[in-house]
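Asker: Questions regarding the structure given below will be posed in turn.
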Amino acid sequence: MKIVAFDFDGTLSDSEMTVLLGERKGVADQMEDITARAMNDEISYAKSLRDRAALLEGLPLSDAEDAFADVRLRPGAAEILSDLSEKGTHVAILTGGFERGVLAALDREGVSVDTIIANRLPDDGEALTGEVEGPLIEGTKDEALESLAEEHDADMVNTVAVGDGANDLPMLEVAGLAVGFDPKPAVAPACDTIVSHMNELHDILKTKNAI
């Protein structure tokens, strides 16, 4: 396997960035409802993300940074990322979440990845504007994974996708190996294999010679 692409929220991390942000704005319950509907494919991911971002309008930047600092990798995730890197496998994080939170979590564990494709929450210098921008709002993860494969001269059969929610379905459907990490019911049928712990994922990647 030449490329392994991970979702972030709900997969590499058990944090949900928008909920962490929402807690500081007092709108976490509303956000959880929107997120659940999107992950079960009841509303479009783009609509869910814009609706959640809108609830964050006016959140001070200091509060936003505190929320991003609370983002954590799952136990065992840093080891997988490190082992993949050591093997020379290209590691990508494809997330509708936010780059600042991803980087904060990676930095905390002292690990890095080759590619991060994520969204951003614009600010006016003092607070969040309630808008969201980035490549994975309307863009889909299959397009991102296919572009990576083409860029690195890799056949799609030599790619792995790991995810849990409805917005991961496109990349799971085109990857050579689709791994569901405790996937939502609407996602499980698209997975070649399902895991619920990072040690299980590590074992699968090792059998595929990615690690």
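The values are calculated or read from the model by the stated rules, or taken from the named source; none is laboratory data. None of the values given here were measured: they were computed from a predicted structure. Reconstructed Cβ throughout: ideal geometry from the backbone, glycine too, with neighbour counts over all protein chains shown. Keep in mind that these areas ignore ligands, DNA and RNA; they rest on the heavy atoms of the full protein, side chains included. Shrake-Rupley method; radii C 1.70, N 1.55, O 1.52, S 1.80 Å.
Asker: In region 184-211, what residues are more than 22 Å from M156 (Cα to Cα) and surrounded by 14 or more Cβ atoms within 10 Å (Cβ to Cβ)? So that I can check it myself, show each step before the final result.
Answerer: Of region 184-211, the ones more than 22 Å from M156 (Cα to Cα) are 184-186, 196-200.
K184, A186, M198, E200, listed by residue number.
Asker: List the number of the failed condition for L56; all other conditions in (1) surrounded by 15 or more Cβ atoms within 10 Å (Cβ to Cβ); (2) within 19 Å of the chain's Cα centre (by Cα) hold.
Answerer: (2)
Asker: Which one of these is open to solvent by less than 60 Å² (accessible area, probe 1.4 Å), closer than 22 Å to S48 by Cβ and at pLDDT 95 or above: G176, G165, G180, G139?
Answerer: G180
Asker: Please work out which one of (1) open to solvent by less than 40 Å² (accessible area, probe 1.4 Å); (2) in the same structural domain as G180 (by the TED database) is the condition G88 fails and give its number.
Answerer: All conditions pass for G88, except number (1).
Asker: Would you be able to tell me the number of residues in region 104-128 that are outside any helix (DSSP H, G or I), of a type outside the set (A, V, I, L, M, F, W, C), under 23 Å from E65 (Cβ atoms) and out of contact with any Asp or Glu (no Cβ under 6 Å at 6 or more places or on another chain)? Break it down into steps so the answer makes sense when it comes.
Answerer: Applying the first criterion (outside any helix (DSSP H, G or I)) to region 104-128 yields 110-128.
Narrowing further to those that are of a type outside the set (A, V, I, L, M, F, W, C): 110, 112, 114-115, 119-120, 122-126.
Next cut, under 23 Å from E65 (Cβ atoms) only: 110, 112, 119-120, 122-126.
Narrowing the set further to residues that are out of contact with any Asp or Glu (no Cβ under 6 Å at 6 or more places or on another chain) leaves 110, 112, 119, 123-126.
Qualifying residue count for the region: 7.
Asker: Also: Among the residues in region 25-34, are any in contact with a Gly (Cβ under 8 Å, 6 or more places away or on another chain) and basic (K, R)?
Answerer: Scanning region 25-34 turns up at least one residue that is in contact with a Gly (Cβ under 8 Å, 6 or more places away or on another chain) and basic (K, R).
Asker: Moving on. If the requirement is being of a type outside the set (G, A, S), open to solvent by 50 Å² or more (accessible area, probe 1.4 Å) and either outside any helix (DSSP H, G or I) or in the same structural domain as A161 (by the TED database) (or both), which of these qualifies: D51, D41, D83? Spell out how you get there, then give the answer.
Answerer: Values: D51 fails: either outside any helix (DSSP H, G or I) or in the same structural domain as A161 (by the TED database) (or both); D83 fails: open to solvent by 50 Å² or more (accessible area, probe 1.4 Å).
Exactly one of D51, D41, D83 is of a type outside the set (G, A, S), open to solvent by 50 Å² or more (accessible area, probe 1.4 Å) and either outside any helix (DSSP H, G or I) or in the same structural domain as A161 (by the TED database) (or both), namely D41.
Asker: Check region 100-120 and report whether any residue there is over 13 Å from the mean Cα position of the chain (by Cα) and over 19 Å from L12 (Cα atoms).
Answerer: The answer is no, given that none of the residues of region 100-120 is over 13 Å from the mean Cα position of the chain (by Cα) and over 19 Å from L12 (Cα atoms).
Asker: A38 fails exactly one of the following numbered conditions: (1) among the small types (G, A, S); (2) modelled with pLDDT under 90; (3) in contact with a Leu (Cβ under 7 Å, 6 or more places away or on another chain). What is the number of that condition?
Answerer: (3)
Asker: When A67 is evaluated against the numbered criteria (1) touching a Leu at 6+ places or on another chain (Cβ under 7 Å); (2) outside any helix (DSSP H, G or I); (3) open to solvent by less than 10 Å² (accessible area, probe 1.4 Å), which criterion, by number, is the only one it fails?
Answerer: In the conditions (1) touching a Leu at 6+ places or on another chain (Cβ under 7 Å); (2) outside any helix (DSSP H, G or I); (3) open to solvent by less than 10 Å² (accessible area, probe 1.4 Å), A67 misses (2) alone.
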